Structures are given as structure tokens and as C-alpha cells.
Amino acid sequence: MKDLINKGLAFGLGLAVVSKEQIEKLVDELVKKGDVSAAESKELARKLFEKGEAEKKEMNARIHEQMEKLLRDFNIPTKADLERLEQRIQDLENK
């Protein structure tokens, strides 16, 4: 089963960009070929989907990290920076 999950990871651009329907289609094809039994198919589809979701989260975290780095490199203020400045202006206006 683990080997089949690894094969699933090689499918297309990886599980992170594969929809649940595509995973089910892949698993159905494996059942038709005899690589997976019908009983194992639901478990395999679930594992592939979970792996895809984990990859998606990891990819999003990496993208977020890279975006923050780019903003710092280009010296672009973050939302937190702007909020801090707005609060400071408000405090000064209140004085």
C-alpha cells in the first residue's frame, strides 16, 4: 500500500494539486488494473487525499514564508506595521 501511495505522489504535479475526484479516478484505475483490491481502494484514496492535504499545507507555509521574505527584502511594510503606525497616529491625535 505504501508503494502505491508513493506512486500516487508521482502522479502529475503531486497530490497537493490533485482533486479528490482525480484521486478517486486514479484509485479506480488501480482497482481495474488489479493493483489494488476493491476493499483497499477506499483506504488508499483516503490516505492519498490526506497526504495531498498535508502537502498543500506545507506548500502554503513555504509560499507564505517566501512572500514575507520578499516583503522584508523590498522593505515593504506589513499589515502589522501599518496597524502599529495607525495606532501611534491615533494615540498622538488623542494627546
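The values are calculated or read from the model by the stated rules, or taken from the named source; none is laboratory data. Quick caveat: nothing in here was measured; it's all calculated off a predicted structure. With ideal geometry, Cβ positions are generated from the backbone for all residues, glycine too; neighbour counts draw on all protein chains shown.
Out of S37, S41, I need the residue that is over 17 Å from the mean Cα position of the chain (by Cα), small (G, A, S) and surrounded by 13 or more Cβ atoms within 10 Å (Cβ to Cβ). Which one?
Exactly one residue qualifies, and that residue is S41.
Out of all the residues in the stretch 73-95, which are of a type outside the set (V, I, T) and surrounded by 11 or more Cβ atoms within 10 Å (Cβ to Cβ)?
Passing the criteria: P77, D81, E83, R84, L85.
Can you go through L82, L92, L30, L71 and tell me which one is touching a Ser or Thr at 6+ places or on another chain (Cβ under 8 Å), free of Cβ contacts under 8 Å to residues at least 24 places away in the same chain and not β-branched (V, I, T)?
Only one candidate qualifies: L71.
With the requirement that a residue be within 25 Å of the chain's Cα centre (by Cα) and among the basic types (K, R), what does the stretch 44-90 give you?
R46, K47, K51, K56, K57, R62, K69, R72, K79
Of everything in the stretch 59-70, what is surrounded by 11 or more Cβ atoms within 10 Å (Cβ to Cβ) and at pLDDT 85 or above? Give them in sequence order. Please lay out each step first, then the result.
From the stretch 59-70, those surrounded by 11 or more Cβ atoms within 10 Å (Cβ to Cβ) are 59-60, 68; that's our starting set.
E68, the sole residue that qualifies.
Determine, yes or no, whether K56 is assigned to a helix (DSSP H, G or I), within 18 Å of K20 (Cα to Cα) and touching a residue at least 24 places away in the same chain (Cβ under 8 Å). Walk me through it before giving the result.
Working: assigned to a helix (DSSP H, G or I): yes; within 18 Å of K20 (Cα to Cα): yes; touching a residue at least 24 places away in the same chain (Cβ under 8 Å): yes.
When the stated conditions are applied, K56 passes them.
Given the criterion closer than 27 Å to K20 by Cβ and in a helix (DSSP H, G or I), identify the matching residue among E93, E50, E68. Quick ask: steps written out before the conclusion?
Values: E93 fails: closer than 27 Å to K20 by Cβ; E68 fails: closer than 27 Å to K20 by Cβ.
After applying the criteria, what remains is E50.
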